[in-house]
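Read through the structure below, which is laid out as structure tokens, and then see the notes.
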Amino acid sequence: MKYIFVSGGVISGIGKGIATASIALLLKAAGYKVSPMKMDPYLNVDAGTMNPIEHGEVFVLDDGTETDQDLGHYERYLGESLNNSNIATQGSIYLSVIQKERNLEYDGASIDVVTYITEEIIGRIKEAGKSKNADIVLIEIGGTAGEYQNVLFLEANRQLKLKKHDDVLHIHVTYLPIPGSLGEMKSKPAQMSVRDLNAVGIQPDIILARAERPLDQSRIKKLSISTGLEPEYIISAPDVKNVYSVPLKFEDQGLTDRILGKLGLERKNTDLKEWRAFVDSSETTDRPVKIGIVGKYFTTGDFTLMDSYISVIEAIKHASYKLKVKPEITWIDASKLEHSVEQLSKFDGIIVPGGFGSRDVEGKIKAVRYVRENKIPYLGLCYGMQLASIEFARNVLGLKDAHTTEVDEKTKNPIIHIMPDQIKKLLDKDYGASMRLGAWDCVLKEGSKVGELYKKWGNLPAGRQTSERHRHRYEFNNNFRADFEKNGFNIVGTSPDGKLVEVIELADHPFFAGSQFHPELKSRPLNPHPMFLGFIEASSQKSK
């Protein structure tokens, strides 16, 4: 088994996750089985309890593991599902070592950070490879070179290199800024980030040089001299409009062959035809479709963030590119809709994504009512499905105080209520990894609009089960099902035993659907999700 570590330098957010996912795709296309994993330096056991504004989206795997958003990049680029061995936080590593010590699994030894923590890290890396029967494990190290937080991951890298010298490679993603006052690309920060790696005993084998524009030969020469790498091992990684083009940019510069050469491997294949076709289609579509996303996890200070809903954004793109339209996405702050909901009329389609809590709920419900009454295509994801149910109860069934017990525990009409097995967990403050998580089966009603979408684009015969990923505590209250269905609010997807509502749709609407699951988590560039395809298709019809 071969091991490739990917670190970052100078600043955070320079695209280590995209780089790691791109390399994984290239190695898979070259004929190798790849298992990518993320090493996160925070002490949280998993990402489930973290604020999406601070940390970004929580990406849920089939097995229910709540992970960093980079696992989403890996799955989308590879077109494969990952598992809990593909993520390791520093918190989970320390917890594992402490539990083993408590169980006397170390035979009474004095437990030091080095080597017990680093051996645990190396063990996790090897397990990530075994779980996928991989030829190559890709390890993305969270954080930035020179920080204290990720030094143990780098030390594990160094120790593994000592044991398996020719089987371990280190790729460093660094940054060359162009200060506005100078207008010249500066290589010194990149040089210093490599020096930070050298200080902990690591010499990178390949540099991915991030910058606003491609590196010129002068900069490549400077980096080569200062880092001790031959110029051909310094790969230019300029900003791009389309992140899905990154693997092709790397391939065109010979990155795959550089990696294989360093690891003593031969190329078995070059299978990028479908990916190139996908990228070409994404860059040649020009008919716009205007999509509004109504949510709350958008702002921090004066900045608007997209990472809270990155899988939703990518799922929109996947479906749009397949249908030859160009998505124009607008972020709509739900708190500003209560008195200006008419602004939604300019959109071809509206999405209310997942979320938690009471903030801005009334603004979202007003948005749902507006698009329902004005026949604007609507897709509700998890909380968006629940709020669509509440809006219908209030404004069609006449249950004015209808609500979710998540927001109003005393409502007389709890359309959405907590799952019975979740009540004790909340009372015990058992919040971590305790929701309904991971892939659960869903039976789709034959002849329903959503069922036909799966049949058309998911190759799923009507009435068959699909499997979708969940992350929630509250469910549709079955006591209200009969009244809803009598009034045109159709329940078209349920759990196999029929007890849990999974998918709803309106009969007299161009496209109005919601799912208790998160379809965006299983959308892939080469295989868009059927619900997003149906939504974008309906939205593009409105835009004509």
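Scan region 39-46 and tell me whether some residue there is touching a Leu at 6+ places or on another chain (Cβ under 8 Å) and within 28 Å of ASP167 (Cα to Cα).
Going residue by residue through region 39-46, those that are touching a Leu at 6+ places or on another chain (Cβ under 8 Å) are 45.
Next, only the ones that are within 28 Å of ASP167 (Cα to Cα) stay: none.
Within region 39-46, none of the residues are touching a Leu at 6+ places or on another chain (Cβ under 8 Å) and within 28 Å of ASP167 (Cα to Cα).
Would it be correct to say that GLU409 is surrounded by 16 or more Cβ atoms within 10 Å (Cβ to Cβ) and modelled with pLDDT under 95?
Considered against the rule, which asks whether it is surrounded by 16 or more Cβ atoms within 10 Å (Cβ to Cβ) and modelled with pLDDT under 95, GLU409 comes out as no.
Here is a yes/no grid of residues against (1) in a helix (DSSP H, G or I); (2) more than 15 Å from ALA388 (Cα to Cα):
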position	(1), (2)
VAL450	yes, yes
LEU453	yes, yes
SER467	no, yes
PRO510	no, yes
ALA513	no, no
GLY534	yes, yes
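Where residues in region 505-525 are among the aliphatic types (A, V, I, L, M) and in contact with a helix residue (DSSP H, G or I) (Cβ under 6 Å, 6 or more places away or on another chain), which of them is surrounded by the most Cβ atoms within 10 Å (Cβ to Cβ)?
ALA513
Test of understanding: among ASP40, ASP68, ASP62, which residue is in contact with a Ser or Thr (Cβ under 6 Å, 6 or more places away or on another chain) and surrounded by 24 or more Cβ atoms within 10 Å (Cβ to Cβ)?
ASP40
Hey, any hits in region 82-101 for a residue that's without any contact (Cβ under 8 Å) to a residue 40 or more places away in the chain, in the same structural domain as SER35 (by TED's automatic domain parsing) and in a loop (DSSP other than H, G, I, E, B)?
no
Can you tell me which of VAL352, VAL368, VAL341 is of a type in the set (Val, Ile, Thr), more than 20 Å from GLU520 (Cβ to Cβ) and either touching a residue at least 24 places away in the same chain (Cβ under 8 Å) or surrounded by 24 or more Cβ atoms within 10 Å (Cβ to Cβ) (or both)? Steps first, answer last, please.
Values: VAL352 fails: more than 20 Å from GLU520 (Cβ to Cβ); VAL368 fails: more than 20 Å from GLU520 (Cβ to Cβ).
After ruling out the rest, the residue left standing is VAL341.
If we keep just the residues of region 499-536 that are small (Gly, Ala, Ser) and touching a residue at least 40 places away in the same chain (Cβ under 8 Å), which is nearest to LYS326 (Cα to Cα)?
GLY534
Within region 239-278, track down each residue that is under 23 Å from GLY13 (Cβ atoms) and either surrounded by 14 or more Cβ atoms within 10 Å (Cβ to Cβ) or more than 23 Å from the chain's Cα centre (by Cα) (or both). I'd like the intermediate steps shown before the answer.
To start, the set of residues in region 239-278 that are under 23 Å from GLY13 (Cβ atoms) comprises 239-250, 253, 255.
Once the filter is applied, which keeps residues that are under 23 Å from GLY13 (Cβ atoms) and either surrounded by 14 or more Cβ atoms within 10 Å (Cβ to Cβ) or more than 23 Å from the chain's Cα centre (by Cα) (or both), region 239-278 yields VAL243, TYR244, SER245, VAL246, PRO247, LEU248, LYS249, PHE250, GLN253, LEU255.
Which residues, taken from region 427-462, are at pLDDT below 75 and surrounded by fewer than 13 Cβ atoms within 10 Å (Cβ to Cβ)? Lay out the reasoning, then the answer.
Taking region 427-462 and keeping what is at pLDDT below 75, we get 427-435, 459-462.
Within region 427-462, LEU427, ASP428, LYS429, ASP430, TYR431, ASN459, PRO461 qualify.
Being touching a Lys or Arg at 6+ places or on another chain (Cβ under 8 Å) and not in a strand (DSSP E or B) is the requirement here; does GLU391 meet it? Give the steps one after another, and end with the answer.
On the way: touching a Lys or Arg at 6+ places or on another chain (Cβ under 8 Å): yes; not in a strand (DSSP E or B): yes.
Yes; evaluated as a whole, the condition is true for this residue.
Only one residue in GLU105, GLU127 is among the acidic types (Asp, Glu) and surrounded by 13 or more Cβ atoms within 10 Å (Cβ to Cβ). Which one?
Every option except GLU127 fails the conditions.
State the number of residues belonging to region 1-35 that are of a type in the set (Phe, Trp, Tyr) and crowded, with 24+ Cβ neighbours inside 10 Å.
Adding up the residues that qualify gives 1.
Quick one: how many residues across region 132-150 are at pLDDT 95 or above and either part of a helix (DSSP H, G or I) or closer than 20 Å to GLY91 by Cα (or both)?
Selection size over region 132-150: 3.
Kindly check whether there is at least one residue in region 33-41 that is in the same structural domain as GLY143 (by TED's automatic domain parsing), over 23 Å from ALA134 (Cβ atoms) and modelled with pLDDT of 90 or more. If you could, list the steps in order and put the result at the bottom.
The initial filter retains those residues of region 33-41 that are in the same structural domain as GLY143 (by TED's automatic domain parsing), namely 33-41.
Within this subset, residues satisfying the condition of being over 23 Å from ALA134 (Cβ atoms) are 41.
Those left that are additionally modelled with pLDDT of 90 or more: 41.
Taking every residue of region 33-41 in turn, at least one turns out to be in the same structural domain as GLY143 (by TED's automatic domain parsing), over 23 Å from ALA134 (Cβ atoms) and modelled with pLDDT of 90 or more.
Which of the residues that make up region 237-252 are modelled with pLDDT under 95 and polar (S, T, N, Q)?
Correct list: ASN242 only.
Sort through VAL97, VAL60 and tell me the only one that's modelled with pLDDT of 90 or more and closer than 17 Å to ILE125 by Cα. Explain how you work it out, then say what you get.
On the way: VAL60 fails: closer than 17 Å to ILE125 by Cα.
Checking each option against the conditions leaves just VAL97.
Conditions (1) without any contact (Cβ under 8 Å) to a residue 60 or more places away in the chain; (2) among the acidic types (Asp, Glu); (3) in a loop (DSSP other than H, G, I, E, B); (4) not assigned by TED's automatic domain parsing to the domain that holds LEU255, marked per residue:
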position	(1), (2), (3), (4)
ILE117	yes, no, no, no
GLU120	yes, yes, no, no
ALA156	yes, no, no, no
GLN159	yes, no, no, no
ILE171	no, no, no, no
GLY180	yes, no, yes, no
GLY183	yes, no, yes, no
SER193	no, no, no, no
PRO204	no, no, yes, no
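Quick one: what pairs do we get from region 10-21, first residue more than 10 Å from ARG210 (Cβ to Cβ) and in contact (Cβ under 8 Å) with a residue 60 or more places away in the chain, second of a type in the set (S, T, N, Q) and part of a loop (DSSP other than H, G, I, E, B), C-beta under 8 Å, 6+ apart or different chains?
These pairs meet every condition: SER12/THR144; GLY17/GLN69.
Exactly one of (1) in contact with a helix residue (DSSP H, G or I) (Cβ under 6 Å, 6 or more places away or on another chain); (2) of a type in the set (Ser, Thr, Tyr); (3) modelled with pLDDT under 95 is unmet by THR118. Its number?
Among (1) in contact with a helix residue (DSSP H, G or I) (Cβ under 6 Å, 6 or more places away or on another chain); (2) of a type in the set (Ser, Thr, Tyr); (3) modelled with pLDDT under 95, THR118 violates only (3).
Does SER523 qualify as being outside the structural domain of GLU373 (by TED's automatic domain parsing), polar (S, T, N, Q) and within 20 Å of CYS442 (Cα to Cα)?
Here the answer is no, as SER523 does not meet what is asked.
The values are calculated or read from the model by the stated rules, or taken from the named source; none is laboratory data. All of these numbers come straight from a predicted model, not from anything done at the bench. Neighbour counts are summed over all protein chains in view; Cβ atoms, including those assigned to glycine, are modelled from backbone coordinates with ideal geometry.
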